[in-house]
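Okay, so here's the structure we're looking at.
The values are calculated or read from the model by the stated rules, or taken from the named source; none is laboratory data. This is a predicted model, so every value here is computed, not measured. Virtual Cβ from ideal backbone geometry, glycine too; neighbours counted across all protein chains shown. Ligands, DNA and RNA are stripped out before the accessible areas are found, and what is left, the full protein with its side chains, is counted by its heavy atoms. Shrake-Rupley method; radii C 1.70, N 1.55, O 1.52, S 1.80 Å.
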There are 2 protein chains.
Amino acid sequence: MEEKKTTTRAAERALDILLCFVGKPELAMREIVEKTELSKSTVFRLLATLETKGFVKRDADTEKYSLGFRIWELANHINRSDDPAILFLPEMERLRDEIDETVSLYVRDGLERVRIQAVESQQAIRRVAPIGARLPLSVGASSKVIVAYTEGDLLGKVLSDPMWPSGIDRDLYIKQLQEIRTQEYAISMEEREAGTSAVSVAIHSRAGNLIAALVLSGPISRMNEEQMIQYVPRLVKAAEEMGKLV
Amino acid sequence: MEEKKTTTRAAERALDILLCFVGKPELAMREIVEKTELSKSTVFRLLATLETKGFVKRDADTEKYSLGFRIWELANHINRSDDPAILFLPEMERLRDEIDETVSLYVRDGLERVRIQAVESQQAIRRVAPIGARLPLSVGASSKVIVAYTEGDLLGKVLSDPMWPSGIDRDLYIKQLQEIRTQEYAISMEEREAGTSAVSVAIHSRAGNLIAALVLSGPISRMNEEQMIQYVPRLVKAAEEMGKLV
DNA sequence: GTTATTTGTTTCACCAGATGAAACGTCGTT
DNA sequence: AACGACGTTTCATCTGGTGAAACAAATAAC
């Protein structure tokens, strides 16, 4: 099971309301109620909270809400010139819009991978993709992409990690890495989580360094092996476009 | 008593954590705990919430937190070219830093004034200033500035408003407006809230229209009448600088 | 080396804050 | 006038948010 950090529901809901404005810059309260599927009174209270802190404002004439100055103020404190999560977002969205499956971006951190960016499918049944989620490099398509393309003895470290899962064959893992280097993509089907499958490719910088793993994932009912292989050229193309940015 | 909207504490706390990054773009968890004065575990959970939604990220090496790509994404959906709350913020901050009292910006909405922007004093005892707060135009320094400089029969409407407070003399109000037009500032001392005082001037656009009322407010122990009058030239100068922007 | 300190992570008992249904208020339409 | 849509307020309910404390890990001090 994907690592599930303890979060605070009320705070999450407030943030979800902010995210409503990505799709439409001005919203009536009714629209936010529909988008979030929360009760009117909950939305009303959360909007009041957001307004009090300057994160949304309400237009006096139209009475619609829009994002407030605080967002702009905070944005001025971001160093975004080199953040892949920011640079790659448009291309990820384009890919998601083209295929309508969840697109994620993982980077390596020690012996783990971290999801640093995600755009979710808009279908009712979708792969949910919490940012900041961490997973060991022993399982999953993107783990193998990361290990396959990382220079140095990362593979040795992963294989000798005391946390290596007991049900996974090290020799098979090594063989899969070799296949990935040949075919340039990795596939996983229910390898880590029942009912889900994923296909992953590497994003390289112009200098040839591995930047991140790009992953397309969804329910296995929609993404069988054949379908995922058909998606690979599009994934590779998107990865190349992203690589040009860094 | 200033209108107090029902807010959601947990959501407020999450937003307050975001605001910590205005002062410093990279923060350890300990620093956020100190700034917010919340318990470690609460901060930890709220940071996890913010990270899951992409509003903060954690650097793998330094393990410090900073703002995430979502802020940038949302900022791209703001129309900020003409928002006084955004345009005037730097000058308000400069004034606050110079005097270390709370600076607020009010605009008129019907027979009310609305606080659309505020930067608070950093002293332990300060005027708190929730954005979005609404007050009738019958009381307070900025109300009188707004009424004094609004063309048309706003004064007539305010005086005949059924909600006019029973303890306030209409003739005195009219007289005060005339003084304000002469001296170009308004002062209030415990007029609306015990222990607080305020001095206000008008911000006019280059075309001469009233844009907003600029207010400096704080505890009456620090801001007596004499002190407020001494602040007026600085307030007027700041208002002129702001007026040049619109 | 051991011990102390600091920082971050997890646990869990407690209760008040978050919730949503429903009532209410306002405005526009018929 | 009645009705519907939208936003605002009320209030009973209960679970989710909380913080103290334990725990874990890393670093500093001795």
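Using a 7 Å projection from Cα along Cα-to-Cβ, the label point at residue A:161 is separated from the same position in the remaining copies by 6.4 nm, smallest value first.
What the stretch A:143-244 shows is 52 Å² of accessible area per residue, with the surface traced by a 1.4 Å probe over protein heavy atoms. For residue A:211, the residues whose amide H sits under 5 Å from its own are A:203, A:204, A:205, ignoring neighbours fewer than 5 places away on the same chain, with H placed 1.01 Å from N. Between copies, how far apart are the residue B:23 label points? List them in nm, one decimal, shortest first, with each point 7 Å from Cα toward Cβ, please? Spelled out, the distances from residue B:23's label point are 3.8 nm.
Amide H to amide H distances under 5 Å link residue A:67 with A:57, where only residues 5 or more positions off or on other chains count and H is placed in the peptide plane. Structure remark: mean-square fluctuation, Gaussian network model of chain B, C-alpha springs under 10 Å; the largest value among B:18, B:89, B:235 belongs to B:18. Take B:63-69, B:213-219 and order them by the average number of nearby Cβ atoms within 10 Å per residue, most first; the result is B:213-219, B:63-69.
Pairs exceeding a 26 Å alpha-carbon distance, out of B:35/B:64; A:35/B:5; A:24/B:35; B:35/B:144; A:64/B:53: A:24/B:35; B:35/B:144. Counting every pair of alpha carbons in the stretch B:139-207, the share spaced more than 21 Å apart comes to 23 percent.
Centre-to-centre separation between the Cα atoms of the stretch B:181-196 and those of the stretch A:145-160: 69 Å. Computed from backbone phi with θ = phi - 60° and the Karplus coefficients 6.51, -1.76 and 1.60, the 3J(HN,Hα) list for the stretch A:218-229 is x, x, 5, 5, 9, 10, 7, 4, 4, 5, 5, 5 Hz; x is used for glycine and proline.
For residue B:218, the residues whose modelled amide H falls within less than 5 Å of its own, excluding neighbours fewer than 5 places apart on the same chain, are B:197. Note on A:14-20: average number of Cβ atoms from other chains within 10 Å of each residue's Cβ is 5.
With the full set of protein chains in place, find how many percent of the accessible area of chain A is carbon and sulfur; take the probe as 1.4 Å. Looking at chain A in its full context, I get 48 percent from C and S. Here the Karplus curve 6.51 cos²θ - 1.76 cosθ + 1.60, taken at θ = phi - 60°, turns the phi angles of the stretch B:38-50 into couplings of 9, 6, 3, 5, 5, 4, 4, 5, 5, 5, 4, 4, 5 Hz, with x standing for Gly and Pro. In units of the compact-protein estimate 2.2 N^0.38 Å, the stretch A:84-243 shows a Cα radius of gyration of 0.96.
Go ahead and set up a Gaussian network model of chain B, Cα springs under 10 Å, then flag whichever of B:169, B:100, B:16 fluctuates most. Of B:169, B:100, B:16, the Gaussian network model singles out B:16 as fluctuating most. Once the 1.4 Å probe is applied to the protein heavy atoms, the stretch B:9-75 comes out at 43 Å² accessible per residue.
The mean number of partner chain beta-carbon atoms within 10 angstrom of a residue's beta-carbon across peptide B:85-95 is 2.
Note on B:109-120: average number of Cβ atoms from other chains within 10 Å of each residue's Cβ is 2. Helix B:9-23 axis versus longest C-alpha principal axis of chain B: approximately 90°, rounded to the nearest ten. Sequentially through the stretch A:112-126, phi angles give Karplus couplings (6.51, -1.76, 1.60; θ = phi - 60°) of 10, 10, 10, 7, 9, 6, 7, 10, 8, 3, 9, 6, 4, 9, 8 Hz, Gly and Pro residues having no value and appearing as x. Under the Kirkwood approximation for Rh and a Cα-based Rg, what ratio Rg/Rh is obtained for the stretch B:151-246? Result for the stretch B:151-246 is an Rg/Rh of 0.99. Every Cα-Cα pair of the stretch B:1-136 was included, and the share exceeding 18 Å stands at 65 percent. Chain A contacts chain B over a buried accessible area of about 4900 Å², both sides summed; the probe is 1.4 Å and only protein chains count.
What's the ranking of A:140-149, A:184-193 by average number of surrounding C-beta atoms within 10 Å, highest first?
A:140-149, A:184-193
Scaled to the globular estimate 2.2 N^0.38 Å, the Cα spread of the stretch A:9-75, given as radius of gyration, is 1.00.
In this simple spin-label approximation, residue B:207 and residue A:236 carry label points 7 Å from Cα along the Cα→Cβ vector, and these lie 5.9 nm apart. Simple point charges give the picture: +1 on the Cβ of Lys and Arg, -1 on the Cβ of Asp and Glu, and for the stretch B:9-75 a dipole about the Cα centre of about 200 debye. For the protein assembly as shown, the mean projected area of the C-alpha convex hull, equal to one quarter of the hull surface, is 26.1 nm².
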